[in-house]
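A.B. asks: Shown below is the structure under consideration.
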Amino acid sequence: VYTYSETQLVQHLLIAASTGAGKTNTIYQILDDLSVPFWNFDLKHDYRHLIQKHPELVVIPAEKIRLNLLKPPPLVDTDTWSKQFLKIFCDTTDLLSGSKNWLTPHVEQVIQNHSQPTLHTLYQRIQNQSPPPGVERQYYDRVRSRLKSILTGKGREIFRHYDGFNYEKLLNHSVVFEIKELDKNTQNLVTGGLLQWLYSHH
């Protein structure tokens, strides 16, 4: 038997146990008991069954997710959001400070020079660059490789659209984002990007 308060629900929580000990069932029960909307990032298709008790639940499979990480949340300025995007992108794709510093002006230029920039716009800009000499060639290769992997893999449609979903409307719904089929970098980018969007929006 366990209880949790509203104060506890907005704090970090770690559930750790051995395989088969009931971690998923514990999370499932917590979500089932909630009377407020939640967002769940589902790596195993464990939570779609909540819709049986909660018909208002929105389940979005990986191939239907639409997200533009270069479009800031409402009331967040582009300079602030570009810095947050760079942190999320580099953290989730294991790019270190040298690659991040090399990527920064390209992100800034894409946002400034395009009315509807997307990750595909950013990739095209980098793809069209002549590879720089010296150590910067390593940064170019790493950034280009990460973007290519994300934009040509199973998540290629996710980041293609400027508008994406109206995530403000989704704030009023419990949502399960099913990301099992995506590769690890794309899973991390979708999860990290949406959580940063949520935090910045609030």
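The values are calculated or read from the model by the stated rules, or taken from the named source; none is laboratory data. Keep in mind that this is a model prediction, so the values were computed, not measured. A quick note on method: Cβ atoms are made from the backbone with ideal geometry, for glycine too, and the neighbour counts reach across all protein chains shown. Each accessible area value is taken on the protein alone, full model and side chains, heavy atoms only, with ligands, DNA and RNA left out. Shrake-Rupley method; radii C 1.70, N 1.55, O 1.52, S 1.80 Å.
A.B. asks: So which of LEU70, LEU50 ends up being surrounded by 16 or more Cβ atoms within 10 Å (Cβ to Cβ), of a type in the set (A, V, I, L, M, F, W, C) and part of a loop (DSSP other than H, G, I, E, B)?
C.D. replies: LEU70
A.B. asks: Sort out which residues of region 150-202 are surrounded by 14 or more Cβ atoms within 10 Å (Cβ to Cβ), in a helix (DSSP H, G or I) and not hydrophobic (A, V, I, L, M, F, W, C), and write them in order of number.
C.D. replies: Of everything in region 150-202, those that are surrounded by 14 or more Cβ atoms within 10 Å (Cβ to Cβ), in a helix (DSSP H, G or I) and not hydrophobic (A, V, I, L, M, F, W, C) turn out to be TYR167, ASN185, THR186, GLN187, ASN188, THR191, GLY192, GLY193, GLN196, SER200, HIS201.
A.B. asks: Does any residue in region 86-97 that is in contact (Cβ under 8 Å) with a residue 40 or more places away in the chain come within less than 8 Å, Cβ to Cβ, of a residue that is open to solvent by 90 Å² or more (accessible area, probe 1.4 Å) and not in a loop (DSSP other than H, G, I, E, B) six or more places away or on a different chain, and which pairs are these?
C.D. replies: LEU95/ARG142
A.B. asks: Being exposed (fewer than 13 other Cβ atoms within 10 Å of the Cβ) and of a type in the set (Phe, Trp, Tyr) is the filter; apply it to region 2-41 and report the residue that is modelled with the lowest pLDDT.
C.D. replies: It comes out as TYR2.
A.B. asks: Right, next: Open to solvent by 50 Å² or more (accessible area, probe 1.4 Å), free of Cβ contacts under 8 Å to residues at least 24 places away in the same chain and closer than 24 Å to GLN187 by Cα - does that describe any residue in region 77-85?
C.D. replies: There is at least one residue in region 77-85 that is open to solvent by 50 Å² or more (accessible area, probe 1.4 Å), free of Cβ contacts under 8 Å to residues at least 24 places away in the same chain and closer than 24 Å to GLN187 by Cα.
A.B. asks: Looking only at region 53-67, filter to residues that are over 20 Å from the mean Cα position of the chain (by Cα) and open to solvent by 50 Å² or more (accessible area, probe 1.4 Å); which one of those is modelled with the lowest pLDDT?
C.D. replies: For region 53-67, the residue satisfying everything is LYS53.
A.B. asks: Exactly one of (1) of a type in the set (Lys, Arg); (2) in contact (Cβ under 8 Å) with a residue 60 or more places away in the chain; (3) more than 24 Å from LEU119 (Cα to Cα); (4) surrounded by 13 or more Cβ atoms within 10 Å (Cβ to Cβ) is unmet by LYS44. Its number?
C.D. replies: Only one criterion in (1) of a type in the set (Lys, Arg); (2) in contact (Cβ under 8 Å) with a residue 60 or more places away in the chain; (3) more than 24 Å from LEU119 (Cα to Cα); (4) surrounded by 13 or more Cβ atoms within 10 Å (Cβ to Cβ) is unmet by LYS44, namely (4).
A.B. asks: Do we find a residue being within 29 Å of HIS54 (Cβ to Cβ), touching a helix residue (DSSP H, G or I) at 6+ places or on another chain (Cβ under 9 Å) and of a type outside the set (Asp, Glu) anywhere in region 138-145? Quick ask: steps written out before the conclusion?
C.D. replies: Here is the first cut: in region 138-145, the residues within 29 Å of HIS54 (Cβ to Cβ) are none.
There is no residue in region 138-145 that is within 29 Å of HIS54 (Cβ to Cβ), touching a helix residue (DSSP H, G or I) at 6+ places or on another chain (Cβ under 9 Å) and of a type outside the set (Asp, Glu).
A.B. asks: What pairs come out if I take residues in region 112-133 that are closer than 18 Å to PHE89 by Cβ and in a loop (DSSP other than H, G, I, E, B) and pair them with residues that are aromatic (Phe, Trp, Tyr) and open to solvent by less than 80 Å² (accessible area, probe 1.4 Å) whose C-beta lies under 9 Å away, six or more apart or interchain?
C.D. replies: From residues that are closer than 18 Å to PHE89 by Cβ and in a loop (DSSP other than H, G, I, E, B), the pairs are PRO117/TYR162; THR118/PHE159; THR118/TYR162; GLN129/TYR140.
A.B. asks: Is there a residue being within 24 Å of SER145 (Cβ to Cβ), in a helix (DSSP H, G or I), at pLDDT 95 or above and open to solvent by less than 10 Å² (accessible area, probe 1.4 Å) anywhere in region 95-106? Show your work before the answer.
C.D. replies: We begin by selecting, within region 95-106, every residue within 24 Å of SER145 (Cβ to Cβ); these are 95-106.
Pick out the ones that are also in a helix (DSSP H, G or I) and you get 97-106.
With at pLDDT 95 or above added as a condition, the list becomes 97-106.
So of that shortlist, the ones also open to solvent by less than 10 Å² (accessible area, probe 1.4 Å) come out as 99, 103.
Within region 95-106, one or more residues are within 24 Å of SER145 (Cβ to Cβ), in a helix (DSSP H, G or I), at pLDDT 95 or above and open to solvent by less than 10 Å² (accessible area, probe 1.4 Å).
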